Amino acid sequence: MNIFNFAQKPVDVPHVKTIYRCIQTALPVPQSLEVFERLNRLESRSMHGQMPIVWDRAKDFQVYDKWGNCWIDFTSTIFVANAGHANRLIIQSLKDMLDKDLLHTYTYASDVRADFLQKLIEETPTEIEKAYLVSAGTEATEAALKLMRLYAQDKNKKRPGVIAFDGSYHGRTMGAAQISATQAQRKWMGYEDPNIFHLPFPYPWDEDGNPTDEDGNVRFEKDVDILRSQGIDLKEDIGGIIFESYIGWAAAFFPAKYVQAWAACAKENNFLISFDEIQSGFARTGPLFAYQHYNVKPDIICCGKGISSSLPLAAVLGRADILDLPDIGSMSSTHSANPLSCAAGLANLQEIERLSLVEKSTSKGKILHGRLNEMRRKHPKEISNILGAGMLASLIFRNSSNVNSASLLASHICEKAMRKGLLLVHTGREAIKIGPPLTIPEDALVEGLDVLDEILQECTQ
């Protein structure tokens with residue numbers, strides 16, 4: 001991962017004033033430096049690395065500081081604010097809960113928890129019967145790992161094996177990290193779980209960045225051969241397989257036939273198929289969940305981020321026989337099912353429905369991907385792929401002779417965009433990710449894309 005150091009000293013930038021953007025100070029704002037100095041002194045550096053903006057408030061698709069600057073947000077704070085920042089009905093639901101004087105319940109029952117779970121399960125388009133709530137996406141993927149292993153034990157399998165994919169991201173705790181990323185990123189553990197089996201992700205480009213179109217069934221057979229060459233019996237050694245519905249850093253989807261082949265294999269060999277929808281769920285890619293692009297039925301779904309468009313909340317959904325495998329009280333945590341978070345989650349689902357965000361994600365996504373593909377055609381030497389679906393996209397940049405050139409270019413573009421009033425996601429790799437709140441007006445979306453187009457012209461001349 002490339003670490004790009006955004007400018008820490010104020011830089012005079014051209015002022016910007018449009019309907020949706022305003023930049024009227026040097027960036028970072030000189031008066032903001034004291035905040036960064038305090039955080040550098042008081043906080044682990046692991047929390048740092050974002051662009052030097054001190055947020056004061058965020059509303060719908062815009063982010064404001066206290067010095068008069070305003071940005072169009074193409075990040076949704078890393079795909080959380082799907083229904084918009086500070087959505088008024090979500091805010092009202094929180095106020096109503098505060099007026100009830102109910103801030104914490106542990107796992108004692110509450111009406112709002114029952115109402116939210118009922119709505120969540122009703123809206124999930126599969127044979128999902130039960131769920132339980134946690135505070136963060138990492139907790140959800142840890143739970144999915146546990147459930148797949150409990151299922152293997154319940155079926156008397158020889159090993160509680162789980163199949164995962166290199167390049168994926170499922171969280172930073174021990175179990176979640178074991179099923180994530182690459183071996184290099186797991187080396188801090190000093191331990192490799194012998195019952196987690198990684199397969200290479202089927203990226204849709206070759207070593208030179210050129211698009212590929214490998215048949216999904218062919219790739220599936222290759223990967224089954226990889227597992228069998230390691231002595232793995234799919235029926236006896238595997239409890240489940242977990243997919244990040246799209247590979248997070250690149251917004252790259254699996255080939256649909258590939259996922260369908262694994263779904264059939266899971267059914268034939270009696271193991272579970274799980275989808276990590278933490279980044280991709282709640283209309284981000286068009287349908288309510290990204291796994292719907294594959295036309296398969298999951299056994300387990302992990303949700304987070306856009307589940308509330310606001311407060312910390314995550315969930316694990318699945319069939320009743322799977323969700324009831326753990327003993328009573330064995331999967332809860334202190335802040336599971338917090339009533340404020342449940343209220344926000346319920347209001348969020350109501351807003352997705354009321355505002356027709358599934359449909360709008362698809363229609364606005366056509367604008368987003370149409371413009372980005374135009375940019376790719378203008379800059380074929382720099383941009384190899386435009387990936388994603390709906391209101392989620394990534395630009396994949398090509399490396400030159402400098403192996404880090406693509407990642408450095410991507411981060412540099414993000415910095416220039418910030419100075420022009422546009423916030424993008426810098427991945428630390430050869431990609432820029434784009435995911436505005438689904439509520440963004442079309443003209444604001446177009447304005448942000450115009451800014452990106454302008455910056456690409458500047459950076460590639």
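The values are calculated or read from the model by the stated rules, or taken from the named source; none is laboratory data. Since we're looking at a predicted model, the values are computed, not measured. Glycine also receives a Cβ, built like all others from the backbone with ideal geometry; neighbour counts cover every protein chain displayed.
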**Study point:** The listed residue being crowded, with 19+ Cβ neighbours inside 10 Å and not in a loop (DSSP other than H, G, I, E, B), out of I396, I367
**Key:** I396
Check your understanding: Would a scan of the range 441-453 turn up a residue that is of a type outside the set (D, E) and assigned to a loop (DSSP other than H, G, I, E, B)?
Key -> yes
Review point. If we keep just the residues of the range 66-101 that are touching a helix residue (DSSP H, G or I) at 6+ places or on another chain (Cβ under 7 Å) and part of a loop (DSSP other than H, G, I, E, B), which is nearest to L368 (Cα to Cα)?
Key: F74
Study note, to complete from the structure: With criteria (1) of a type outside the set (S, T, Y); (2) at pLDDT below 95; (3) under 28 Å from the mean Cα position of the chain (by Cα); (4) in a loop (DSSP other than H, G, I, E, B), W55 comes up short on (2)
Exercise for review: With respect to V218, determine if the residue is surrounded by fewer than 23 Cβ atoms within 10 Å (Cβ to Cβ), without any contact (Cβ under 8 Å) to a residue 12 or more places away in the chain and either assigned by TED's automatic domain parsing to the domain that holds L395 or not aromatic (F, W, Y) (or both).
Suggested key: yes
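Do you know which residues across the range 192-224 are of a type in the set (D, E, K, R) and modelled with pLDDT of 90 or more?
Correct list: D193, D215, R219, E221, K222, D223.
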Point to revise | Flag if A261 is in contact (Cβ under 8 Å) with a residue 24 or more places away in the chain and either in a loop (DSSP other than H, G, I, E, B) or within 30 Å of T212 (Cα to Cα) (or both) | key: yes
Revision key, fill the gap. Residue pairs qualifying under the 6 Å Cβ cut-off, at least six apart or on distinct chains, with the first in the range 7-20 being among the acidic types (D, E) and the second being in a loop (DSSP other than H, G, I, E, B) and surrounded by 12 or more Cβ atoms within 10 Å (Cβ to Cβ), are D12/A26
